[in-house]
Amino acid sequence: MTLQYPLKLSHSRQPGFDNYLASGNEEALDTLLKLLESADSTAPLYLWGSPGCGKSHLLLAACQLMSRQSRHAIYLSLSDIEQLSPTMLGELHRYELVCIDDVENICADKAWEEALFHLYNAISQQQHKLLIASSSSPGDLPAELPDLASRLLWGVSYHLQQLDDAGKQQLLIQMADEKGMRLSEEASRYLINRYSRNINKLSVLIDKLDHDSLSRQQKLTIPFLRQSIS
């Protein structure tokens with residue numbers, strides 16, 4: 001299996017279904033798991049939403065699950081297509097699962113749109129599975145190739161919801177626990193209210209707190225947090 005981790009995710013945290021908080025996205029998670037488990041279900045699944053909603057996490061978790069089952073999967077982020085070539089999509093249909101993230105970035109690029117269109121068809125012919133993630137719904141994605149726009153409407157799509165503040169607190173506590181740190185509810189609430197509600201920024205912060213707490217040999221108390229984020 002080939003995994004390309006996007007820069008927007010913390011490299012120290014391995015995205016999996018066991019550490020995904022599905023609050024508000026239970027139906028999307030259930031559909032994704034059924035797709036991966038079924039030998040017959042090959043319809044594309046399209047996940048969309050604003051940054052931090054967990055769509056990249058789910059795509060990477062799907063690849064991880066397939067890998068554990070000794071099945072071939074690949075994840076590709078199109079966040080920076082200037083560093084990539086559309087020809088690289090040509091052989092991806094060989095994988096049992098193909099996960100394409102940040103697909104909105106290839107719109108209005110003729111070569112990329114045609115390559116993705118042909119990949120859709122090839123995956124369908126192979127009866128393999130395809131997961132697509134984007135910041136826009138399939139109907140709002142500004143694809144200029146009519147055939148690709150039509151393909152993007154195939155299958156099922158889900159609008160992933162952001163975690164509410166309680167969910168973000170739970171996620172912070174979970175991320176801290178994964179690093180062997182104890183973060184209290186009071187401390188997690190302090191970080192949400194005083195630092196950021198952005199999931200990606202909070203993930204980076206947890207890495208910083210892990211480093212700071214180890215180097216200073218201090219627990220994650222409110223005074224320590226206040227000093228670290230100042």
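Every read-out reported here was derived from the displayed coordinates using simple, explicitly stated rules and does not represent laboratory data. Since the structure is predicted, the reported quantities are computational estimates derived from the model, not experimental observations. Note: ideal-geometry Cβ built from the backbone for every residue, glycine included; neighbour counts use all protein chains shown.
If only one of Ile206, Ile199, Ile229 is surrounded by fewer than 17 Cβ atoms within 10 Å (Cβ to Cβ) and either of a type outside the set (S, T, N, Q) or at negative phi (or both), which one is it?
When all the criteria are applied, what remains is Ile229.
Every residue in region 212-225 that is assigned to a helix (DSSP H, G or I) and exposed (fewer than 12 other Cβ atoms within 10 Å of the Cβ), please.
Ser215, Arg216, Pro223
Go through region 39-74 and give me each residue that's polar (S, T, N, Q), under 20 Å from Ser157 (Cα atoms) and part of a helix (DSSP H, G or I).
The answer is Ser56, and nothing else.
A quick yes/no check of all residues on (1) aromatic (Phe, Trp, Tyr); (2) in contact with a Pro (Cβ under 7 Å, 6 or more places away or on another chain); (3) surrounded by 22 or more Cβ atoms within 10 Å (Cβ to Cβ):
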residue	(1), (2), (3)
Gly49	no, no, no
Ala62	no, no, yes
Ala73	no, no, yes
Ser77	no, yes, yes
Asp80	no, no, no
Val103	no, no, yes
Pro146	no, no, no
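Quick check, is Gln64 over 19 Å from the mean Cα position of the chain (by Cα) and within 28 Å of Ile199 (Cβ to Cβ)?
So Gln64 fails the test.
Only one of Leu160, Leu131, Leu152 is touching a residue at least 60 places away in the same chain (Cβ under 8 Å), in contact with a Lys or Arg (Cβ under 8 Å, 6 or more places away or on another chain) and under 12 Å from Tyr46 (Cβ atoms). Can you tell me which?
Every option except Leu160 fails the conditions.
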